[in-house]
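Contents: one structure, followed by commentary.
The values are calculated or read from the model by the stated rules, or taken from the named source; none is laboratory data. All of these numbers come straight from a predicted model, not from anything done at the bench. Using ideal geometry, Cβ is built from the backbone for each residue, glycine included, and neighbour counts are taken over all protein chains shown. Keep in mind that these areas ignore ligands, DNA and RNA; they rest on the heavy atoms of the full protein, side chains included. Shrake-Rupley method; radii C 1.70, N 1.55, O 1.52, S 1.80 Å.
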Amino acid sequence: MSFGRLITAMVTPFDAQLKIDWEVTGRLIDYLIEEQKSDSLVVSGTTGESPTLSDEEKVDLFRFAVKHAAGRCKIIAGTGSNETAHSVELTKKAEQVGVDGILLVAPYYNRPTQEGIYQHFRTIAQATSLPVILYNVPSRTVVSVSTETTLRLAQIPNIVATKECASLGQMTEIISGAPEGFVLYSGDDAVTLPTLSVGGHGIISVASHIIGAKMKQLIEAYLDGRVHDAKAINEECYPFFNGLFNCPHPVPNPVAVKYALELRGLPVGGVRLPLVNANEAEAEFLQKLIKV
């Protein structure tokens, strides 16, 4: 199954009481598909504040997204955690409500060995018929999925891709060693173009909430061989790639993108503790970035 080149890691809209706002969630899905040209959506990933969503909320989100998208894009459920049995159970529930694939983050905090990481992913993948995307993000999980472990996992038939926030060197090694049909997505907006240049398939993006259509143009220009056009579009996009994570100093995702969406007329609400909303200086920076 192809998830396309541009996948948005979707925020979870909240109301004033920080409960899921279903009306705005529907509007956001429409906007990401129709205006920002997302090929697929990750629901309940890090950008969706998965650490603060209950399992019931996650399954309700999966079910709602599948129904609302109605085949217009693929829905990928974030079902990974640092407990293998828990991830298996949530993955089974996601499959039951009809999602198209799952995203599994590397098991955080426990600090497992590479063999433990391999067995974790393998066990979850074997519990589902859905295609699986691995997610390697060492800055959040402490552990890193090595090139060797990723390539071992790539031999499992329904593990079809990885989302990498590692170095371009590690990305290159994975791409060069992977079996046919296994693809790599960047998890860092700022290296979308470099990732494509080493053979990456696409991007699982945060900035696509705001500049998805422009990012789609970047990808298509590069794939069409219009490298100079792709370079120019990348330079146009870069202030957003950088600013949504540094406004003007590092802020945790999805604080900035939620405020940016509000500036764009999509009131997706605030963030749940322990995250806090954008402060005055951050808000002023984002207003200038979004030009409102």
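Observations on the model:
- Based on DSSP H segments of at least four residues, each scored -39500 (n - 2.57), the chain has a per-residue ellipticity at 222 nm of -14000 deg cm²/dmol.
- Working note: Karplus 6.51/-1.76/1.60 with θ = phi - 60° gives region 44-52 the couplings 6, x, 4, 5, x, 6, 3, x, 10 Hz, where Gly and Pro are set to x.
- About the centre of its Cα atoms, region 6-227 shows a dipole size close to 180 debye [charges on the beta carbon of Lys, Arg (+1) and Asp, Glu (-1) only; nearest 20 debye].
- The magnitude of the dipole of region 128-208, with charges of +1 and -1 set on the Cβ of Lys/Arg and Asp/Glu and taken from the Cα centre, is near 160 debye.
- Relative protection proxy for 263-269, 274-280, 216-222, from highest mean packing down: 216-222, 263-269, 274-280 (other beta-carbon atoms within 10 angstrom).
- With θ taken as phi - 60° and the Karplus curve 6.51 cos²θ - 1.76 cosθ + 1.60 applied, the whole-hertz 3J(HN,Hα) list for region 165-179 is 10, 9, 6, 4, x, 5, 4, 4, 4, 5, 4, 6, x, 6, x Hz, x standing for glycine and proline.
- When each of 92/214; 67/288; 92/288; 37/58; 93/231; 92/231 is checked by Cα-Cα distance, pairs over 32 Å: 92/214; 67/288; 92/288; 93/231; 92/231
- For 228, 201, 249, 120, the ranking by accessible surface with the largest value first comes to 228, 249, 201, 120, using a 1.4 Å probe.
- Cβ-based charge dipole, region 6-227, positive-most Cα from 154, 125, 221: 154
- Solvent exposure of residue 182, expressed as accessible area, is near 20 Å², computed with a probe of 1.4 Å over the protein chains only.
- Region 63-104: GluC sites (Glu not before Pro) falling in loop per DSSP and having at most 15 other Cβ within 10 Å: 83
- Each DSSP beta bridge with both residues in the chain is either parallel or antiparallel, and the antiparallel ones are about 5%.
- Accessible surface of region 6-227, 1.4 Å probe, proportion on carbon and sulfur as whole %: 50 percent
- Summed over the residues of the chain and divided among them, the accessible surface reaches 42 Å² per residue at a probe radius of 1.4 Å.
- GNM result for the chain, Cα springs below 10 Å: residue of 99, 198, 132 fluctuating most strongly: 198
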